[in-house]
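In what follows, a single structure is set out as structure tokens and then discussed.
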Amino acid sequence: MLRSDQAITRTRPGKPALGKAPFGSVQFFRQLILVMLFAVLPLSLVAVLTLSILFVQMKTDLQAQIDQLHSELTAVTTLHPGMVADSDLNSALALTTDTSLVQPDFQSGDQQNSTERVNLDAADQANPVTEPVPEPEQAPAKTAYLTFDDGPSPRTLEILDILDTYQVKATFFVTNPALEDYPAIARDLVDRGHTIGLHSSSHKYSEIYQSIDHFLLDLAENSRLIESITGVVPAVLRFPGGSVNAYNETIAADLIDAVTANGYAYFDWNCASGDAVGQTIPPNSIVENVRQSRQGKNSLVILFHDSTGKKTTVQALPDVIQDLQADGYVFSALTQDSVPVRFAKIP
Ligand code: ZN
């Protein structure tokens, strides 16, 4: 036994002779470990090195794919801002379902923009990546145009003070009897930076809508008086009752063409305050009407009335303005170049 042990211990280190030690002995396992160290460890190192190289390669490939996907995503969202938040189309669609209105005019700028965008979308889908990426569109601002019909009146001064408080500009569509009663107020509203617009001389539907000539003659009188009192040649018009109404539907299409040919820009409304549906509408109802009627619309033309009896319109105005400001709207007065909001023409 001793000789055998000596023989084993004489085995040169570095060259383990597995198999010479009895299976299961301490020597056997010691030799087994040495074999593992000398044979398996280098293989493991090679394997780890190979895996590291593969991992780095995969990481580089993945990063390249991520970069490509990111640039594609940027291109797509630039071409399709509506994928994120497009209320223009919603606005146009909402207009068609607004029960407070006659049907909208599909010639309006909003609708044209929506149609152009839909066409752009269709073209992009055919070739989404190789198309040149256009400059990002300017996000359309939410704009509210406050409009007051039938003034000026003693209420106008209260309205003007509120508008000044909130630094808001608005539009007043005025008639001749009111102008004759309150010429100083008409001058005041112009001096304070608001738009004065035409709303007919007599405001008598049965007379002005008898014919196109009747309307144009009346309108000319309205224009002359506005200019003589304020010095402003008015360019924007609100038809009494809107561009298409029960009194003018047989001549509405020709009337609109004639008015436009005479250089006037007319504006209907797409948001109704409801302040004229009864004698005295509670202020909170007016606020709520505007809130409901403005849903989904970026460009609001809001209809109010300015006359001695419309006290609750004045009372509601601060809340209406604050509500719109909180919802992200900026205010502006209408000009000839404002995007028109118009009812549908009768063919
Ligand atoms: Zn009116």
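The values are calculated or read from the model by the stated rules, or taken from the named source; none is laboratory data. This one's a predicted model, so the numbers in the text were calculated from it and none came from an experiment. Cβ placement follows ideal geometry from the backbone for every residue including glycine, while neighbour counts extend to all protein chains displayed.
Couple of notes before you dig in:
- Where Asn284 falls short, out of the listed (1) surrounded by fewer than 17 Cβ atoms within 10 Å (Cβ to Cβ); (2) more than 27 Å from the chain's Cα centre (by Cα); (3) not aliphatic (A, V, I, L, M): (2)
- Residue among Leu225, Leu300, Leu255, Leu324 that is part of a helix (DSSP H, G or I) and farther than 23 Å from Asn176 by Cβ: Leu324
- The set of residues in segment 258-269 being within 23 Å of Tyr145 (Cα to Cα) and either in contact (Cβ under 8 Å) with a residue 24 or more places away in the chain or assigned to a strand (DSSP E or B) (or both) consists of Val259, Gly263, Tyr264, Ala265, Tyr266, Phe267, Asp268, Trp269.
- Against the test of being crowded, with 17+ Cβ neighbours inside 10 Å, over 30 Å from the mean Cα position of the chain (by Cα), of a type in the set (Val, Ile, Thr) and within 16 Å of the ligand (Cβ to nearest atom), the options Thr175, Thr171 yield a single qualifying residue, Thr175.
- For segment 220-239, the set of residues classified as touching a residue at least 60 places away in the same chain (Cβ under 8 Å) and either within 16 Å of the ligand (Cβ to nearest atom) or in contact with a His (Cβ under 7 Å, 6 or more places away or on another chain) (or both) consists of Val236, Leu237, Arg238, listed by residue number.
- Complete set of residues in segment 297-319 that are away from the ligand (no atom under 16 Å from the Cβ) and touching a residue at least 40 places away in the same chain (Cβ under 8 Å): Lys297, Asn298, Ser299, Leu300, Lys311, Val314, Ala316, Leu317, Pro318
- Among the residues making up segment 321-341, those that are touching a residue at least 60 places away in the same chain (Cβ under 8 Å) and aliphatic (A, V, I, L, M) are Ile321, Leu324, Val330, Ala333, Leu334, Val339, Val341.
- Scanning segment 148-174 for residues that are touching a Pro at 6+ places or on another chain (Cβ under 8 Å) and polar (S, T, N, Q) yields one hit, Thr165.
- Arg294 being in contact (Cβ under 8 Å) with a residue 24 or more places away in the chain, more than 17 Å from Ser202 (Cβ to Cβ) and crowded, with 23+ Cβ neighbours inside 10 Å: yes
- Some residue of segment 272-289 being of a type in the set (Ser, Thr, Tyr) and at pLDDT below 95: yes
- Lone qualifier among Ala316, Ala246, Ala276, Ala333 - being assigned to a loop (DSSP other than H, G, I, E, B) and surrounded by 19 or more Cβ atoms within 10 Å (Cβ to Cβ): Ala333
- On inspection, Ala253 qualifies as on the phi < 0 side of the Ramachandran plot, surrounded by fewer than 18 Cβ atoms within 10 Å (Cβ to Cβ), in contact (Cβ under 8 Å) with a residue 24 or more places away in the chain and not basic (Lys, Arg).
- When residues in segment 183-214 are screened for being within 16 Å of the ligand (Cβ to nearest atom), part of a helix (DSSP H, G or I) and closer than 23 Å to Asp337 by Cα, 1 of them pass.
- Filtering Gly231, Gly241, Gly263, Gly278 for residues that are among the small types (Gly, Ala, Ser), within 35 Å of the chain's Cα centre (by Cα) and over 30 Å from Gln292 (Cα atoms) leaves a single hit, Gly263.
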